[in-house]
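The structure appears right after this line, and notes come after that.
Values in this text are rule-based calculations from the coordinates and carry no lab data. As the structure is a computational prediction, the values presented were derived from the model and not from experiment. Counting neighbours? That spans all protein chains shown, and the Cβs are built from the backbone with ideal geometry, glycine included.
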Amino acid sequence: MEYFIQQLVNGITLGSIYGLIAIGYTMVYGIIGMINFAHGDIFMIGAFVALISFIIFGLTGVALPIILLLVLLIAMLFTACYGWTVEKLAYKPLRGSFRLAPLISALGMSIVLQNYVQVAQGARVKPMQPLFSGGLEFFKNSEFIVTVSYLQIFIVILTIILMGIFTYLITKTDLGRAQRACEQDRTMTALLGINVDRTISITFIIGSSLASVAGMMFVLYYGVIDFYIGFLAGIKAFTAAVLGGIGSLPGAMLGGLLIGLIETMWSGYVSIEYKDVAAFSVLIVVLIFFPTGFLGKPDIEKV
Amino acid sequence: MDKQDIIKSFKDSLFTGLIALALFGPIVGLRTASKGEGLFITPQWGIVFLLVGLCIFGRFLININSFRRTEFKFISVFNSKLSSITEDKAKHFAITGILFAVVFPFLPFTDRYFMDVAIMILTYIMLGWGLNIVVGLAGLLDLGYVAFYAVGAYSYALIATTFGWSFWICLPLAGIFAAFFGILLGFPVLRLRGDYLAIVTLGFGEIIRIILINWYEVTNGPDGITGIPRPSFFGLPFKRSPDEGEFSFHTFFGLEYSTMHRIIFLYYLILVLALITNYFTLKIRKLPVGRAWEALREDEIACKSLGVNPTNTKLTAFAIGAMFGGFAGSFFATRQAFISPESFTFIESAIIVAIVVLGGMGSQTGVVLASIFLIGITEIFRDLEQYRMIAFGGAMVLIMVFKPKGILANRKPTILMHGDKK
């Protein structure tokens, strides 16, 4: 039981990271209907920017909360630039062309970003000293002590805060309304005087910023990153988005949590080598029974 | 072009520079390197300023050019040339290409390196043609094609090393295994549409790779399988000194021993395999099942109402595509004599899909051009090892931006309502 709770806590932490990345996928898919394969690499760039700023601020000796806040903002800012540029260079010229064109362009962009970081930062793994230590301990009398580290608490709380802001942004503001309108009908939205290009750019900026936060969490949580982390995290996050129902924002978060939980439970109880297999197999099984994911809108075919 | 335009484009270029600074500043400018314990930062501002300068300058040139309101003439001229060539002379082009491929090993400038590159390009052409059945004809986006390639390679390697059977027995077996895996995967997932299918096939590719890495007892894990038998020329091995009482290729034909013999044989082997794939595709397109694939790609609902069973039809496409992937995999295994899971990563799938899409979906000639172009680019950048994949990815983006439908997009319909108009 205690072990189960421990895995649950770990799973929720991991799930928060996946969920934040998944939002970027699901938003872009909702608005322009493409799988943004470069999103995983945007997350990786976010992790690198966070790592670099942690090193810089680590030398100054500022208090930890201020460092965290600064790094968060810096990572979001710089990573958003990447998301914006990628959209401008590789996707915008392809709007309205046939379905696979942006996908191939995104694959190309993903290869470019990965190798660019490899050239610029080197291929070796980058370790970072842990900034957080300690945590809360539960069930002290039993055999297995459940530890919830402060870092895990930080990650989960930050995710909840960001989700709150994000939900407000999408449901209550003009920007969110414009975005949802674009998802439904881009031509009509343009006719109503909304700058569609700008809305799509902003979607990419928001998605990339959230991915960069996930990147920062990843650096803190695992303590090592390399240029290749974007790929696996990216496809798992996409799996999460599909699982929750692509195009649905609460679905992305739910899918992220599920993937995180499946992964930790599987590595805790079955085998750690096959944890990635578990995530993908669950995806296949879920899609057979819920073809549009858990919270996706049923997709009605019309002639 | 008046003064205002220049000022405007100048401002725009400066903005580009600012963005470029934000892009390159942290990632290029602050290189992390481990020294002792922990990481330290080595600034590299020189390169950053160079890159930013290039971006500003490039943007400025593009702006100036766009104010002149002249199109990139050479691109459109090139496009129309290309399409006219391929439209009128497709057959000539194909025959010339095949003839060139046949005489290629005996051309004076052909050396070992050229042969290796040619074999690699032909392998990708074959994979591209195989995937073209799935993506180009049936319109199913398969991002895990490398899984079938891997299944083919591993089943060939395992059968050949365990039972010692010859290449010509193992090859069809490997193809059958791969087709079987195609059906196994296809059966549950083919009712999914479009992008869902893409992500599931991608996941399947990863599952196969992870199993290959972890199933030590059978696949030998990350170390891979070594000592896969080389193919023989109808029973004649390519050995320097044949065993007692046996012939090897060069003693049988009374030739001087040369390692090139085997390479040339492998070259013809993959050429024949690739041409079989192509011939098969061209023929099956005219059969009911091939027509059903193309009809499904265009409109699934119409197909259903006409009594075509979409799942079975897609399944055949999937299985046949997988089978050719398996053939290519066994060729890969026998050529390398060593395989490991590292050769079957997602990037391979991405390259094959890119070849099909960049070539122009469903175009057989396009696959050839795209393979030559993409593999050629990585070979040109071979000396700049680090930059070759950047060039590769960049080329993918650029082709898509300038020719979103692929190099050869003008594919004729296979069948016309009132016969061929010409």
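Per-residue ellipticity at 222 nm, computed for chain A from helices alone with -39500 (n - 2.57) per DSSP H run of at least four residues, works out to -24500 deg cm²/dmol. The alpha-carbon positions of the protein assembly as shown define a convex hull whose volume is 211 Å³ per residue.
Summing charges over all other residues whose Cβ lies under 13 Å from the Cβ of A:Phe144, with Lys and Arg as +1 and Asp and Glu as -1, gives -2. Cβ-Cβ distance of A:Ile66 and B:Gln44, R₀ of 25 Å, FRET efficiency by 1/(1 + (r/R0)^6): the value works out to about 0.35. Counting other Cβ atoms within 10 Å as a rough exposure proxy, the listed residues B:Arg209, A:Arg177 run A:Arg177, B:Arg209 from fewest neighbours to most. Could you sort out which of A:Lys140/A:Lys236; A:Lys275/A:Lys297; B:Lys283/B:Lys304 sit more than 27 Å apart by Cα distance in this structure? Violating the 27 Å Cα-Cα cut-off are A:Lys140/A:Lys236; A:Lys275/A:Lys297.
The slack in the chain from A:Ser97 to A:Ser271, taken as 0.36 nm per residue of separation less the alpha-carbon distance, amounts to 58.2 nm. Remark on A:Lys126: its backbone amide H falls under 5 Å from those of A:Ile225, A:Asp226, a criterion applied only to residues 5 or more positions apart or on other chains, H modelled at 1.01 Å from N. Once backbone amide H atoms are built at 1.01 Å from N, B:Gly360 has B:Ile407, B:Leu408 as its partners under 5 Å, excluding neighbours fewer than 5 places away on the same chain. Taking amide H as placed 1.01 Å from N in the peptide plane, the amide H of B:Phe233 sits under 5 Å from that of B:Phe238, each at least 5 places away or on another chain. Phi angles of the stretch B:182-189 translate, via the Karplus equation with coefficients 6.51, -1.76, 1.60 and θ = phi - 60°, into HN-Hα couplings of x, 5, 4, 6, x, 3, x, 9 Hz per residue; Gly and Pro are given as x. Projecting label points 7 angstrom from Cα along Cα→Cβ for A:Tyr222 and A:Leu73 puts them 2.9 nm apart.
Entry note: the stretch B:3-70 has Rg to Rh equal to 1.23, where both radii use alpha-carbon atoms and Rh is the Kirkwood radius.
Dividing the mean sequence gap of close Cα pairs (under 8 Å, 6+ apart) by how many residues the stretch A:2-289 holds gives a relative contact order of 40 percent.
FRET efficiency for B:Ala33 and B:Phe373, Cβ-Cβ distance as r, R0 = 45 Å, nearest 0.05? Plugging the Cβ-Cβ distance into 1/(1 + (r/R0)^6) gives 0.80. Distance between the modelled labels on B:Tyr268 and A:Gln129, one decimal in nanometres: 6.7 nm (7 Å Cα→Cβ projection).
Treating r as the C-beta distance of B:Arg112 and A:Tyr3 and R0 as 51 Å, the FRET efficiency rounds to 0.30.
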